[in-house]
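Everything on this sheet refers to the single structure shown next.
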Amino acid sequence: MLPMRTTAKPRLDEKTFDVRKVVVSRLETKRLTRIDWNIITRLVTFLYYNARMKRTMIASRCNLSYDKCIRYLNWLEMMEVIERQIDVDGFETIVLSQRGHDLYKRKLNSH
């Protein structure tokens with residue numbers, strides 16, 4: 001009698017983990033190399049007039065791709081221009097911080 005060949009099926013956890021690992025590493029490798037101040041102006045001006053917006057809405061209203069918008073929002077958060085808050089429904093919203101309001105009033109209001 002010939003021995004039966006068994007093939008090991010990949011577990012769902014391993015497959016899901018690998019896919020998530022690829023997606024995370026792809027997002028981590030794309031970083032801002034240069035700051036486009038026109039995009040910063042658009043984002044800060046939009047958030048000044050529209051408080052508590054979700055990331056997807058900010059990206060579409062500022063005419064940015066989602067991944068580029070996230071990179072700029074992360075940079076603005078690092079510079080303490082915006083704050084991330086959780087709304088009543090549990091969604092993350094973006095709000096201009098006091099430093100962001102000051103930036104808009106001093107530098108961007110004339111445009």
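Read the figures in this text as sums done on the coordinates, not as results from a lab. It should be emphasised that the depicted structure is a prediction, and the values quoted were computed from it without experimental measurement. Glycine gets a Cβ as well: all are built from the backbone with ideal geometry, and neighbour counts include every protein chain shown.
Note down the nm distance, to one decimal, between modelled labels 7 Å out along Cα→Cβ at Lys105 and at Thr45.
2.0
Taking amide H atoms as placed 1.01 Å from N in the peptide plane, list the residues 5 or more away in sequence, or in a different chain, whose amide H sits under 5 Å from that of Thr93.
Those qualifying (amide H under 5 Å, at least 5 residues apart or on another chain) are Gln85, Ile86, Asp87.
Taking the simple approach of a point 7 Å from Cα along Cα-to-Cβ for both Glu77 and Thr33, what is their distance in nm?
Taking the simple label geometry, Glu77 and Thr33 are separated by 2.5 nm.
If you stretched the chain out fully between Ser60 and Gln85, how much longer would it get, using 0.36 nm times the residue separation minus the C-alpha to C-alpha distance?
Here the segment from Ser60 to Gln85 would lengthen by 7.0 nm.
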